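K.L.:
I am attaching a structure below and will ask some questions about it afterwards.
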Amino acid sequence: MNRRVFLGSLGSLASVGTLAYATREPVDTVEVRVWLSEGAAQYDGVADRIREYLERFLDFEFWSLELSFGEPVSTSTEDGARVTSSGEWPVALAAGAVGRRDIDPVSDVNLLVTDGQMREAPTGYGLPHVASVGGARYIAELESVDELYDLSEVDTDRRVVPNDRRIRTMQILIHEIGHALGLQHEHGVSFRDGDAIVATPMLSSYAWSSNYDGDHSHCGASYPDPGDHARKLSFEFSTCARRELAEYNGGLLYSRQ
Ligand SMILES: [Zn+2]
């Protein structure tokens, strides 16, 4: 799916004059709103788990996080990537912004979590201010951050966690939020930790993908050769990503008519 095609369809809905990109001074409050699809809403504890992880990993000294949840959303698909790449979720948000749907977008990040598959990429999709991701069933099974950190080996200043599907799903959720805030894959890094290669949220599985051509981060750090090393993850954004987030000054403007 060509991004331009569906941004075009979003643009035509926006041309009623209700939706525009804004540029602000770097912000001190970032609004993130999360919706669950009907499929995702079937599992207990998904919203609480997402709240806990986002309050931990999107909380920076340079902004305060304003996190909220919308009511479950009826969608035509549970596919966590296609619901955005097809235009469905962006158009639903735009319709909500003009009062045609009962969906109230916020200016910074509007994330839809579905029960889509997490085996094969793409499993999520992120655009400026709009993102979606599958995997609600895995989030429902994920332990708390503290339980997970008790299990992790901590011998660097960065916490390292296993690369299993539940954990990877939450990392991809954070990855798509990163895209919604303007981060690209090269804002991520990978680093050696003992015999493992650890990937931060924006690089994620690209750290060991032969299809990914980047060999260094946007800030110049080179990516170690993944070779046969064990694969591990970190939930913490790289210094390079944090530097970019500190400069975040975007936002959507809505005016209801
Ligand atoms: Zn990505």
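K.L.:
Pull out a ≥ b ≥ c, the square roots of the eigenvalues of the alpha-carbon gyration tensor of region 27-109, then state rounded if a/c is under 1.5, prolate if not and a/b is larger than b/c, and oblate in the remaining case.
P.N.:
The shape class here is oblate.
K.L.:
Also, quick follow-up: Quick check: the angle from helix 3-14's long axis to the longest principal axis of the chain, C-alpha only, nearest 10 degrees?
P.N.:
Tilt of helix 3-14: around 30 degrees.
K.L.:
Please give the helix 46-57 orientation as an angle from the longest Cα principal axis of the chain, in degrees from 0 to 90, rounded to the nearest 10.
P.N.:
In the chain, helix 46-57 runs at an angle near 60 degrees to the longest axis.
K.L.:
Right, next: Determine the dipole magnitude for the chain: charges of +1 sit on the beta-carbon of Lys and Arg, -1 on that of Asp and Glu, nothing else is charged, the reference point is the Cα centre, and the result goes in debye to the nearest 20.
P.N.:
Roughly 940 debye for the chain.
K.L.:
Using only Cα atoms, find the angle between the long axis of helix 165-180 and the longest principal axis of the chain, and express it within 0 to 90 degrees, rounded to the nearest 10.
P.N.:
50 degrees
K.L.:
Something else about it: Where the accessible area of region 33-186 is counted over protein heavy atoms with a 1.4 Å probe, how much of it, in %, is carbon and sulfur?
P.N.:
C and S atoms contribute 41 percent here.
K.L.:
Using protein chains only and a probe of 1.4 angstrom, how many square angstrom of residue 216 are accessible, to the nearest 10?
P.N.:
Approximately 90 Å² of residue 216 is accessible to the 1.4 Å probe.
K.L.:
Also, quick follow-up: Have a look at 172, 144, 161 and report the one farthest towards the positive end of the charge dipole of the chain, computed about the Cα centre with Cβ charges (Lys/Arg +1, Asp/Glu -1).
P.N.:
172
K.L.:
Toward the positive end of the charge dipole of the chain, about the Cα centre and with charges on Cβ (Lys, Arg +1; Asp, Glu -1), which of 37, 234, 65 goes farthest?
P.N.:
Working it through, the farthest residue towards the positive pole turns out to be 37.
K.L.:
Between rounded, prolate and oblate, where does the chain land on the alpha carbon gyration tensor, with a ≥ b ≥ c its root eigenvalues, rounded for a/c under 1.5, else prolate if a/b exceeds b/c?
P.N.:
prolate
K.L.:
Using alpha-carbon positions, what is the distance between the centroids of region 233-249 and region 63-111, in Å?
P.N.:
23 Å
K.L.:
Relative contact order for the chain using alpha-carbon pairs under 8 Å, separation at least 6, rounded to a whole percent?
P.N.:
Relative contact order here is 23 percent.
K.L.:
How large is the accessible surface of residue 206 in square angstrom, using a 1.4 angstrom probe and rounding to the nearest 10?
P.N.:
90 Å²
K.L.:
While we're here: Counting only heavy atoms of the protein chains, get the accessible area per residue of the chain (1.4 Å probe) and round it to a whole Å² value.
P.N.:
46 Å²
K.L.:
Answer rounded, prolate or oblate for region 194-257, using the Cα gyration tensor with square roots of eigenvalues a ≥ b ≥ c: rounded when a/c is under 1.5, else prolate when a/b is larger than b/c, else oblate.
P.N.:
The shape class here is prolate.
The values are calculated or read from the model by the stated rules, or taken from the named source; none is laboratory data. All values derive from a computational prediction rather than experimental measurement. Glycine gets a Cβ as well: all are built from the backbone with ideal geometry, and neighbour counts include every protein chain shown. In case anyone asks, the SASA skips ligands and DNA or RNA and just uses the protein heavy atoms, side chains included. Shrake-Rupley method; radii C 1.70, N 1.55, O 1.52, S 1.80 Å.
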